[in-house]
Amino acid sequence: MAKQSTTKKKKSTDPTQLKGRRFGRVLTKLGVLTRDQVHEALSIQKVARKKGDHKKIGEIMLEMGIISDVEIQKALAGQSGLAWVELEVDSIPQIAFDILPVESATTYQIVPVDYDESTKLLTIALKSPDNYRAVDDLRLLMGFKVVAVVAPPEQIDEIIKKRYSSGGPSMADMMADLDNSDIAGFDSGDDSTDLSKLASAASDNKIVRLINLVLLQAIKDKASDIHFEPFEDEFKMRYRIDGVLYEMVPPPMHLALPIVSRVKIMANLDISERRLPQDGRIELTVGGSPVDLRVSILPTMFGESVVMRVLDRSNVQLNMDKIGLRTTDYEKMTDIIRRPNGIVVVTGPTGSGKTTTLYAALSELNDPQTKILTAEDPVEYDIDGLVQCQVNTDQELTFGKLLRSFLRQDPDVILVGEIRDLETAQIAVQASLTGHLVFTTLHTNDAPSTILRMVDLGVEAFLITATVEAIVAQRLVRRICNSCKEEYSPSEEELMELKLHKEDVSTRTFFRGKGCESCNHSGYKGRLALFEIMEFDDTLRELILAQTSTAILRIEAQKRGMRSLRESGLLSIYDGQTTIDEVVRETMLDD
């Protein structure tokens, strides 16, 4: 165990009695300062504030020389109700290091202090009481009680270096260890499974460590999804990174049920229900950033398939100037989203970044003078200033029902996550005709074909021309890794994919990623968006009313300045941001 530290005057105070008290009062209770010294520091702070200097009381005490950095840390710990300890690596029991995995220790910058096997209580040391979220995350990840104390940061760094410097086991090592473990296996198709035994297996330390490693590795690699998939002879695990699925070392087949059950426990789902789909959510804070994991459980022929969508706020840019719009497109979009009414449709396949674009637009409009309401399925990011509502089909709370209620809530801007049926489309049209700006999404291949999709839903052509202000189509392509970027000369075959010839690009420079550790040898790291913005004018509206073909609409829109997805891709290739392969894969040839 770590030994409890003492203050200058050897005055002992229960840290729980100090919780929530003023900083100066904590210092006097600990015997570090007298009341006169605290009042003197407060007087200096008051004078400084009148001059516009807003120093914290601790900084002023440091300048006065009446307190040390360590004493400030002790007081802050006491203010949070946490004990302050001095750590000695040799006095920490080995079982505590065995219980706290290296990935958790290094991610959260914590070390174990003690572990009580009888009560399953782990004591950890934090560098700062501000890192209290690590305690909540560990309770969720580890599945047992966790309490915290505060210790000197340099001591924590030293212990991490000594005990965790070699790193943890690789994924392959962990899977081999699980294969040889004595954890009871279960038959996924057996409905008579003993639930108490299953819960015990799901809480086994090796299963817990595996799930922790999978989650933290996925967040570190900026994966968007984690897949656990049961097949007849194996239980696969895959990550989706930058839109591409990568197969990982598979977990042992006989442990599929405990692994799925562990995920269910973390997401507060029913481990006894294996015949119906379930949806849940896991909330973590990794590296100071909130991370949401949306969990989907789907029964299949050979067991339950698990997909976890990773929503990492630190990995998403919710600003209009950060989503990849070119200068001219940015100016167009800024003008479009500031119109007083109408409908703005963002279109593209699943996973093309539509939601991010819409959130960026709403963030641009988000101010105290604007009432913004959103109907989403699900709400992906919680944004201050937006009134966000989630569709609930179990309670028959559909987009249509939410939208009808929105019109009685005095909104200025409305976001409809997706137009799926005529009812939702009609209410969106009605909302725009009554003076609201409506943002929504559709699933179509490009901007011009969105008109045909809306007509197919049953929206009259004259209503489309009266309400739709612009349609934005988009795709995501992988960005060339900057660490291994190199120039190269594309072959005739590659250029022909873009309908280009060598002489057309003789003055252009092409790039690709050679592959390195930074990008997992893929040559790509991150993604960028390609946009096709179709603004409506009188000519386009007349063509729509005349039921003109999509091909003619596309030609006329391009004459009026619409840059197609393929043209946007070509510009990104010429800028050295992406490759020919990516643009060919994600965009269609222009007619």
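Go through 82-89, 254-261, 340-347 and give me the packing order, highest mean Cβ count within 10 Å leading. It would help to have the intermediate numbers written out before the result.
Numbers: 82-89: 18.8, 254-261: 23.9, 340-347: 20.8.
Descending packing order for the listed peptides: 254-261, 340-347, 82-89.
Among the lysines, select those whose C-alpha is under 18 Å from the C-alpha of residue 264, and discard any that sit fewer than 8 residues away in the same chain.
Those lysines meeting the cut-off are 197, 206, 236.
Taking 51 Å as R0, compute the FRET efficiency from the Cβ-Cβ separation of residue 272 and residue 128 and round it to 0.05.
Working: r = 41 Å, r/R0 = 0.80.
The pair residue 272/residue 128 has a calculated efficiency of 0.80.
Kindly point out, ordered by number, any Cys in the chain whose beta-carbon has no other cysteine beta-carbon under 4.7 Å away.
By the Cβ distance rule, which asks for a partner under 4.7 Å, the isolated cysteines are 389.
Under a 5 Å amide H to amide H cut-off, with H placed in plane at 1.01 Å, what residues pair with residue 578 once short-range neighbours are removed?
Counting only residues 5 or more places away or on other chains, the set is 480, 573.
Given a 1.4 Å probe and every protein chain left where it sits, what share in percent of the accessible area of the chain is carbon and sulfur? Walk me through the intermediate numbers first.
Numbers: 13300 of 28460 Å².
Carbon-and-sulfur percentage of accessible area, whole number: 47.
Just to be sure I understand the model, the point goes 7 Å from the Cα along the line to the Cβ. What's the resulting residue 289 to residue 392 distance in nm?
About 3.1 nm separates the two model spin labels.
Packing-wise, with mean Cβ within 10 Å as the measure, how do 207-216, 571-580 rank, highest first?
Values: 207-216: 22.0, 571-580: 19.2.
Result, highest mean first: 207-216, 571-580.
Pick out, from 570, 534, 507, the residue whose Cα sits farthest towards the positive end of the charge dipole of region 495-587, with +1 on the Cβ of Lys and Arg and -1 on the Cβ of Asp and Glu.
Among 570, 534, 507, the one farthest towards the positive end of the dipole of region 495-587 is 507.
Toward the positive end of the charge dipole of the chain, about the Cα centre and with charges on Cβ (Lys, Arg +1; Asp, Glu -1), which of 452, 552, 258 goes farthest?
258
Given charges of +1 on the Cβ of Lys and Arg and -1 on the Cβ of Asp and Glu, with all other atoms neutral, how large is the dipole of the chain about its Cα centre, in debye to the nearest 20? If you can, show how the numbers build up before the last one.
Values: 72 positive and 90 negative charges, 596 e Å.
Rounded to the nearest 20 debye, it is 2860 debye.
Given the pairs 332/371; 46/74; 222/485; 120/145, which span a C-alpha to C-alpha distance of over 18 angstrom in this model? Show your work: numbers first, answer last.
Values: 332/371 23 Å; 46/74 24 Å; 222/485 20 Å; 120/145 6 Å.
With Cα atoms farther than 18 Å apart: 332/371; 46/74; 222/485.
On a full-extension model of 0.36 nm per residue, what is the gain between residue 196 and residue 51, subtracting their alpha-carbon distance, rounded to one decimal in nm? Before the final figure, lay out the partial values.
Numbers: separation 145, 0.36 × 145 = 52.20 nm, distance 6.53 nm.
Residue separation times 0.36 nm, minus the Cα-Cα distance, leaves 45.7 nm.
What percent do you get for the relative contact order of the chain when only Cα pairs under 8 Å and 6+ apart count? Each step should come with its number before you reach the end.
Details: 1017 pairs, mean separation 48.6, N = 591.
Here the relative contact order equals 8 percent.
Using only Cα atoms, tell me the angle between helix 35-50 and the longest principal axis of the chain; keep it within 0 to 90° and round to the nearest 10.
30
Once you place label points 7 Å from the Cα toward the Cβ at residue 64 and residue 249, how far apart are they in nm?
Label-label distance for residue 64 and residue 249, simple model: 5.7 nm.
At a Förster radius of 45 Å, what calculated FRET efficiency corresponds to the Cβ-Cβ distance of residue 443 and residue 160, to the nearest 0.05?
Numbers: r = 47 Å, r/R0 = 1.05.
For R0 = 45 Å, the calculated efficiency reads 0.40.
What's the local net charge at residue 324, with K and R +1, D and E -1, over the other residues with C-beta under 10 Å away? Before the final figure, lay out the partial values.
Details: positive: 322, 326, 479, 527; negative: 321, 329.
Net charge in that neighbourhood comes out at +2.
Sequence gap at least 6, Cα distance under 8 Å: using those rules, report the relative contact order of region 525-591 to the nearest whole percent. Write out the running numbers ahead of the final one.
Numbers: 41 pairs, mean separation 23.5, N = 67.
35 percent.
If you put +1 on each Lys and Arg Cβ and -1 on each Asp and Glu Cβ, how big is the dipole of region 443-528 around its Cα centre, in Debye rounded to 20? Before the final figure, lay out the partial values.
On the way: 12 positive and 13 negative charges, 93 e Å.
Its charge dipole is roughly 440 debye.
Provide the packing ranking of 354-364, 47-57, i.e. peptides ordered by the mean count of other C-beta atoms within 10 Å per residue, highest first. Present the calculation step by step, with values, prior to reporting the outcome.
On the way: 354-364: 21.6, 47-57: 10.5.
Result, highest mean first: 354-364, 47-57.
So how much slack lies between residue 466 and residue 145, counting 0.36 nm per residue of separation and subtracting their Cα-Cα distance, in nm?
On the way: separation 321, 0.36 × 321 = 115.56 nm, distance 5.99 nm.
The residue 466-residue 145 span can extend by a further 109.6 nm.
What is the spin-label model distance, in nm, from residue 408 to residue 118 if the labels are put 7 Å beyond Cα along the C-beta direction?
Taking the simple label geometry, residue 408 and residue 118 are separated by 6.1 nm.
To the nearest 20 debye, what charge dipole does region 312-448 have about its Cα centre, counting +1 at the Cβ of each Lys and Arg and -1 at the Cβ of each Asp and Glu?
Details: 12 positive and 20 negative charges, 61 e Å.
It works out to roughly 300 debye.
Just one of (i) 85, 71, 49; (ii) 83, 68, 59; (iii) 89, 70, 58 is Cα extents along the principal axes in Å calculated from these coordinates, so which is it?
(iii)
Only bridges whose two residues both fall in the chain count here: according to DSSP, what percent of them are antiparallel, nearest 5?
Details: 56 of 86 bridges.
Close to 65 percent.
Say the dipole of region 45-95 comes from +1 at the beta carbon of Lys and Arg and -1 at that of Asp and Glu; which of 84, 73, 45 then lies farthest toward its positive end?
45
Calculate, in nm to one decimal, what residue 456 and residue 483 gain on full extension: separation in residues at 0.36 nm each, minus their alpha carbon distance.
On the way: separation 27, 0.36 × 27 = 9.72 nm, distance 4.71 nm.
That pair, residue 456 and residue 483, stretches by 5.0 nm at full extension.
Roughly what % of Cα-Cα distances in region 436-554 sit above 18 Å, to the whole percent?
Of the Cα pairs, 66 percent sit more than 18 Å apart.
Out of residues 5 or more away from residue 524 or on other chains, whose amide H comes under 5 Å of its own, with H placed 1.01 Å from N in the peptide plane?
Under 5 Å from the amide H of residue 524: 481.
The values are calculated or read from the model by the stated rules, or taken from the named source; none is laboratory data. Everything numeric in this text was worked out from a predicted model, so none of it was measured. All Cβ positions, glycine included, derive from the backbone under ideal geometry; neighbour counts span all protein chains shown. Heavy atoms of the whole protein, side chains included, go into the accessibility calculation; ligands, DNA and RNA do not. Shrake-Rupley method; radii C 1.70, N 1.55, O 1.52, S 1.80 Å.
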